[in-house]
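Shown next, in structure tokens, is the structure this report addresses.
The values are calculated or read from the model by the stated rules, or taken from the named source; none is laboratory data. In this text the structure is predicted, and so the values were computed from the model without any measurement. Every residue, glycine as well, gets a Cβ built from its backbone with ideal geometry; the counts of neighbours run over all protein chains shown.
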Amino acid sequence: MIRLTNGILFESGKVKFRFDPRRVTEDDVCMISHAHSDHLPSSFRSSKVICSEITKDFVKARKGKDVDIVRREDVELLDAGHIPGSNMFLVRGGKRVLYTGDFCTRDKGGREGARSRKCDALVIEATYGKPHYVFPDHGEIMSAAKDWLEDIIRGDGTAVLFAYPLGKSQELSAALKDLPLLLHPTIAENNRILLGHGYELPVKAVDERAPPEPPFIYMTSGFGKDRLRVGSFVKRGAKTAAFSGWALDRGFSKMSGTDESFPLSDHCGYDELMGFVRNCAPEVVFTTHGFAKELASKIRKELGIDAQPLVAKQRTLDHFC
């Protein structure tokens, strides 16, 4: 049985496996796929969870909770290729159930993307589960973005980059570390945490006391109190760019209010989702998050595999996914 209730529940005999639960409970096997806020628990009745060491550190940083990592022979952790520390989970409990969480199959920045595994049931995210969401070559996107920024820097200008503070910001930090890059304090702190896990990332935060002098590139999520700082940079002539998979949508730049947008995402595109399902060859697929109904319909019609959406009230899809 697989259903939505305090995360996604898979019951096998007397064991209850919970994928990305909102509450970590004492008697269940609770797994945290990664450290984005919509996948982190909001309460802990137990400290025992299955997750990566990186996710453990971000649970501490974001939730103030020290969790104890446990391992089980019937739960295999697989690289999800989404953000640092992200995992898929393959559970062997009579049936083989693969839970992707948020995942990406593209190789990015020298890191391998997620790889498919044979399973009986697949629980797969559907953030970009419509056919027109097919991403361009990753290297080409990064090259175009860097060319745009280098032109600005050569002209002694400034740029503000909008990106999710955990995941995309680290990929961009690594790619742009040779440019005059300044980080929002939250991004700088995330980078410092990852230094302890072998990542080579810049950590120079913007000076809170004085505005920087051009040329520089400032990276931020753009939300909250940072709107004032971003607004001051724009008034002084800064160009702006957003990094988001939604940039594939016509009019995204206008909607986001930026000068440029680059379709960079930590998620699978539609073609990658369908290819992943095909290679996993499950008997049944459960789709979740995003375009769950649409993707389930496509899987049934195009792949001939039983598929159904796990639909619940969910938050608005993030602007910078």
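This table checks each residue for (1) of a type in the set (Val, Ile, Thr); (2) closer than 18 Å to residue 225 by Cβ; (3) in the same structural domain as residue 52 (by TED's automatic domain parsing).
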| position | (1), (2), (3) |
| --- | --- |
| 151 | no, no, no |
| 158 | yes, no, no |
| 164 | no, yes, no |
| 178 | no, no, no |
| 192 | no, no, no |
| 198 | no, no, no |
| 201 | no, no, no |
| 205 | no, yes, no |
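Based on what the data block shows, is residue 19 among the hydrophobic types (A, V, I, L, M, F, W, C), farther than 24 Å from residue 124 by Cβ, touching a strand residue (DSSP E or B) at 6+ places or on another chain (Cβ under 9 Å) and crowded, with 16+ Cβ neighbours inside 10 Å? Outline the logic, then answer.
Values: among the hydrophobic types (A, V, I, L, M, F, W, C): yes; farther than 24 Å from residue 124 by Cβ: no; touching a strand residue (DSSP E or B) at 6+ places or on another chain (Cβ under 9 Å): yes; crowded, with 16+ Cβ neighbours inside 10 Å: yes.
Against the criterion (among the hydrophobic types (A, V, I, L, M, F, W, C), farther than 24 Å from residue 124 by Cβ, touching a strand residue (DSSP E or B) at 6+ places or on another chain (Cβ under 9 Å) and crowded, with 16+ Cβ neighbours inside 10 Å), residue 19 does not qualify.
Report yes if residue 222 is small (Gly, Ala, Ser), closer than 17 Å to residue 258 by Cα, at pLDDT below 95 and surrounded by 18 or more Cβ atoms within 10 Å (Cβ to Cβ), otherwise no. It is true that residue 222 is small (Gly, Ala, Ser), closer than 17 Å to residue 258 by Cα, at pLDDT below 95 and surrounded by 18 or more Cβ atoms within 10 Å (Cβ to Cβ). Being farther than 29 Å from residue 62 by Cα and either buried (at least 18 other Cβ atoms within 10 Å of the Cβ) or not polar (S, T, N, Q) (or both) holds for only one residue in 207, 249, and it is 249. Residue selection: residue 95 satisfies the criterion of being farther than 27 Å from residue 245 by Cα and assigned by TED's automatic domain parsing to the domain that holds residue 14. Residues in the range 5-15: is at least one surrounded by 15 or more Cβ atoms within 10 Å (Cβ to Cβ), closer than 18 Å to residue 282 by Cβ and of a type in the set (Phe, Trp, Tyr)? Yes, some residue in the range 5-15 is surrounded by 15 or more Cβ atoms within 10 Å (Cβ to Cβ), closer than 18 Å to residue 282 by Cβ and of a type in the set (Phe, Trp, Tyr).
So, restricting to strands (runs of 3 or more DSSP E) that lie completely within the range 56-168, which ones have at least 1 residues that are on the phi < 0 side of the Ramachandran plot, touching a strand residue (DSSP E or B) at 6+ places or on another chain (Cβ under 8 Å) and without any contact (Cβ under 8 Å) to a residue 40 or more places away in the chain?
Working: elements: 75-79, 87-93, 95-99, 121-126, 158-162.
In the range 56-168, the matching strands (runs of 3 or more DSSP E) lie at 75-79, 87-93, 95-99.
Conditions (1) more than 18 Å from residue 39 (Cβ to Cβ); (2) in the same structural domain as residue 181 (by TED's automatic domain parsing); (3) free of Cβ contacts under 8 Å to residues at least 24 places away in the same chain, marked per residue:
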position	(1), (2), (3)
219	yes, yes, no
223	yes, yes, yes
227	yes, yes, yes
246	yes, yes, no
258	yes, yes, no
287	no, no, no
296	yes, no, no
301	yes, no, yes
304	yes, no, yes
